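A short write-up of the structure that comes next.
The values are calculated or read from the model by the stated rules, or taken from the named source; none is laboratory data. Predicted, not measured: the structure shown is a model, and the values here were computed from it. Every residue, glycine as well, gets a Cβ built from its backbone with ideal geometry; the counts of neighbours run over all protein chains shown. In case anyone asks, the SASA skips ligands and DNA or RNA and just uses the protein heavy atoms, side chains included. Shrake-Rupley method; radii C 1.70, N 1.55, O 1.52, S 1.80 Å.
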Amino acid sequence: MADGLALVIAENSRLAQHLNRKQFQGIPELIRSAPAVFVIGAGRSGLALKMAAMRLMHLGITVHVVGEVTTPAIKSGDLLIAASGSGTTPGVVRAIEKSREVGANVLLLTTAPDSAAAKLATHVITVPAAQKQDTGSTRSEQYAGSLFEQAVLLITDGLFSVLWRSDGSSASRLWDRHANLE
């Protein structure tokens, strides 16, 4: 067990060292200034973005998970945060296309900076991880897209931390927004 945990931590630490810091410039302001933030991703990437949506909600940001029945239409000036390791996930690409059609910004987290999704996005964070089908990669000893999905969670938690520090809200203020119907 400890060996597996050490592997995951080591791989994420190496990944963090290889992120392009310039790609993060202006992202906290982009999130904060959007009238509404939407998140989309398939599978485990989508689950990681649901966690990000919850954290943004704790900050008082209007946020929606694409596909939920209460999600409204995205509009000009809004922000779509999307995750697709391959940059070719059909539902994610369609959501990016629609977002751009209406004048929304798109932040994409992907391993594929030359993908269809990346070409459509207004902002791209390239995650130096193996793609899901890249089983022979030397980028990760973990299964499938595990490192990418972990990075999506860690990157969005890092963005949350930056937003929270700049917001100045106390932890108790964020807790006031925490779900109470559990």
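For the chain, modelled as a GNM whose springs connect Cα atoms under 10 angstrom apart, the maximal fluctuation among 145, 41, 158 occurs at 158. Springs join every pair of Cα atoms under 10 Å in this Gaussian network model of the chain, and among 168, 85, 103 the largest mean-square fluctuation is at 168. One decimal place: the segment residue 2-residue 114 gains 36.7 nm when fully extended, by the rule 0.36 nm per residue minus the C-alpha distance. Per residue, the stretch 21-157 exposes 48 Å² of solvent-accessible protein surface, assessed with a 1.4 angstrom probe and all protein chains in place. Among 73, 82, 16, the largest mean-square fluctuation in a Gaussian network model of the chain (Cα springs under 10 Å) belongs to 73. Under the criterion of Cα pairs below 8 Å and six or more residues apart, the relative contact order for the stretch 72-137 equals 33 percent.
Relative contact order for the chain: 23 percent, from Cα pairs under 8 Å spaced at least 6 residues apart, divided by residue count.
Here's how it looks for residue 106: its modeled amide H is under 5 Å from those of 80, 122, 123, which are all 5 or more places away or on a different chain. Probe radius 1.4 Å, ligands and nucleic acids ignored: give me the carbon and sulfur share of the accessible area of the chain as a rounded percent. Taking all protein chains in place, the chain shows 55 percent carbon and sulfur surface. Taking the Cα centre of the chain as origin and assigning +1 to Lys and Arg Cβ atoms and -1 to Asp and Glu Cβ atoms, the resulting dipole is close to 340 debye.
Database remark: amide H of residue 64 closer than 5 angstrom to the amide H of 37, 38, 39 (H placed geometrically; neighbours at sequence offset of 5 or more, or on other chains; Pro and chain starts carry no H).
Using a simple spin-label model with pseudo-atoms 7 Å out from Cα toward Cβ, residue 14 and residue 179 lie 3.6 nm apart.
Estimated from helices alone, the mean residue ellipticity of the chain at 222 nm is -14500 deg cm²/dmol (sum of -39500 (n - 2.57) over DSSP H runs with n ≥ 4, per residue).
Computed from phi, the 3J(HN,Hα) profile of the stretch 154-164 under the Karplus parametrisation 6.51, -1.76, 1.60 (θ = phi - 60°) reads 5, 5, 5, 5, x, 4, 4, 4, 5, 5, 5 Hz, with x in place of Gly and Pro.
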